[in-house]
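Engineer: Dumping the structure here so I can ask a few things about it.
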Amino acid sequence: MNEPKHLSQRHCLEMFARLSEYVDHETASDVERRIDSHLAHCPACRVCLATLQRTIALCKGTDVARLPDDVAQRLKQMAQKLQNQAGAIHRGG
Amino acid sequence: MTTVSTRPPATNDPDHELIEGIRNGGQELFSDLVSRYQRALYNFGMKMCGEPGDAEDLVQETFLNVFKYLPGFRQETKFKNWLYRIAASVCIKKRRRSKFAPKRELSLEEFLPADEAAVQTQVPQWAAMPLDQVLNEELGRQLKTAILDLPEKYRVVLVLRDIEGFSTEETAQILNLTPSNVKVRLHRARLFLRDRLRGYFSDE
Ligand SMILES: [Zn+2]
């Protein structure tokens, strides 16, 4: 395989596979320590981490779709219709 | 791949009272439940389908199912998780009939740098600048499109985790996957989006 130098290193590859887990603090503590020390001296993996973190932050920052008033209105009607049906069944025994 | 464990009832569920009220004959409370979750579900629908009409259908169908199955809901999970479980399955059923859900596996390898020259050693501008200077309307649109381009099984995990804010455990429960499966899909989805963002910013 002709892999780039930095990714041919075992640690860079391990890092790459676990980056999301690491960002989410879901790695075992020994793995986390190993990744920490790798990051301290691997600029390529630091870039990888920074761009991944930014991607996640941008996803979290996407705006929430606004519920249109007419949709809200139709949902309200639907809910009322369901309630009434159920109420009728109840009353009818 | 069932991971649903036997859990004690979710007594800390903020919806517990409302749900009990509805189940004990308070049907008129159902519209409270709808108004409590309609915004969140509509947003979920928009992120998953991209079309207002489809998002509305998703919300409608989800609530119809909630109404129908609520008597059988055994509060072993939070109501919200159960709700999203229904929404996700409604959504997946819909998309199966649709032509543009690209069905493919994403592999880790496809996101590795192609060659040595592609290995970056400096954090690019878009990842270094303050977040509010990067996020604008145009980028928001690009990102939404990129999310819609994700194969569905990755998209649903990304939307639940990074947009709706569910934990790995909860997402696993909602989608009936193992937590490690959720992690794998999430990571690939994020890498897919990262590549799209990189592409977008390299054109600038
Ligand atoms: Zn490295």
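The values are calculated or read from the model by the stated rules, or taken from the named source; none is laboratory data. Nothing here was measured: the structure is a model prediction, and the numbers come from that model. All Cβ positions, even for glycine, are placed from backbone atoms using ideal geometry, and neighbour counts span all protein chains on display. Keep in mind that these areas ignore ligands, DNA and RNA; they rest on the heavy atoms of the full protein, side chains included. Shrake-Rupley method; radii C 1.70, N 1.55, O 1.52, S 1.80 Å.
Engineer: Given charges of +1 on the Cβ of Lys and Arg and -1 on the Cβ of Asp and Glu, with all other atoms neutral, how large is the dipole of chain B about its Cα centre, in debye to the nearest 20?
Structural biologist: For this selection, approximately 760 debye.
Engineer: In percent, what relative contact order does segment B:16-97 have, based on Cα pairs under 8 Å that are 6 or more apart in sequence?
Structural biologist: Value for segment B:16-97: 26 percent.
Engineer: I've got another one for you. Considering the options A:56, B:55, B:122, tell which one lies farthest towards the positive end of the dipole of the protein assembly as shown, charges being +1 on Lys and Arg and -1 on Asp and Glu at the Cβ, about the Cα centre.
Structural biologist: With unit charges placed on the Cβ atoms, the residue in question is B:55.
Engineer: Between beta-carbons, use under 11 Å as the cut-off and find the net charge around residue A:31, counting Lys and Arg +1, Asp and Glu -1.
Structural biologist: -3
Engineer: Related question: Relative to the longest principal Cα axis of chain B, at what angle does helix B:30-49 sit, 0 to 90 degrees, rounded to 10?
Structural biologist: So the helix axis and the longest Cα principal axis differ by about 20 degrees.
Engineer: Another question, then. Using mean Cβ contacts within 10 Å as the protection proxy, how do A:59-66, B:156-163 order, highest first?
Structural biologist: In decreasing order of mean packing, A:59-66, B:156-163 become B:156-163, A:59-66.
Engineer: Ok, one more. So how much accessible surface do B and A hide from each other in total, probe 1.4 Å, in square angstrom to the nearest 100?
Structural biologist: 4400 Å²
Engineer: Please compute the volume of the convex hull spanned by the alpha-carbon atoms of segment B:16-97 and report it per residue in Å³.
Structural biologist: 86 Å³
Engineer: Separate question: Within the P(r) computed for segment B:108-196, what percentage of the Cα pairs occupies the region above 19 Å?
Structural biologist: The answer is 50 percent, as a whole percent.
Engineer: Tell me the carbon and sulfur percent of the accessible area for segment A:10-92, rounded to whole percent, probe radius 1.4 Å.
Structural biologist: 51 percent
Engineer: Now a separate question. Show me the ranking of peptides A:20-30, B:21-31 by mean Cβ neighbours inside 10 Å, starting with the highest.
Structural biologist: The peptides rank, most packed first, as B:21-31, A:20-30.
Engineer: Further question: Per residue of B:25-31, what is the mean number of Cβ atoms on other protein chains within 10 angstrom of that residue's Cβ?
Structural biologist: 5
Engineer: Considering only the other residues whose Cβ falls under 14 Å of the Cβ of residue A:20, what net charge follows from Lys and Arg at +1 and Asp and Glu at -1?
Structural biologist: +3
Engineer: In peptide B:189-197, what is the residue-averaged number of other protein chain Cβ atoms found within 10 Å of each Cβ?
Structural biologist: The shielding value for this peptide is 5.
Engineer: Against the longest alpha carbon principal axis of chain B, how many degrees, from 0 to 90 and to the nearest 10, is the axis of helix B:137-149 turned?
Structural biologist: That works out to roughly 70 degrees.
Engineer: Given an 8 Å cut-off on Cα distances and at least 6 residues of separation, report the relative contact order of segment B:138-185 as a percent.
Structural biologist: That works out to 28 percent.
Engineer: Given an 8 Å cut-off on Cα distances and at least 6 residues of separation, report the relative contact order of chain B as a percent.
Structural biologist: Reported as a whole number, the value is 27 percent.
Engineer: Using helices alone, I'd like the mean residue ellipticity at 222 nm for the protein assembly as shown: each DSSP H run of four-plus residues gives -39500 (n - 2.57), total over residue count, nearest 500.
Structural biologist: -21000 deg cm²/dmol
Engineer: When a/c is below 1.5 the answer is rounded, else prolate if a/b is larger than b/c, else oblate, so apply that to chain B with a ≥ b ≥ c taken from the square roots of the Cα gyration tensor eigenvalues.
Structural biologist: In terms of gyration-tensor shape, prolate.
Engineer: Output the 0 to 90 degree angle, nearest 10, between the alpha-carbon long axis of helix B:179-202 and the longest principal axis computed from the alpha carbons of chain B.
Structural biologist: 40 degrees
Engineer: Shielding of B:44-55 by partners, i.e. mean partner chain Cβ atoms within 10 Å per residue?
Structural biologist: Partner Cβ neighbours, averaged per residue: 2.
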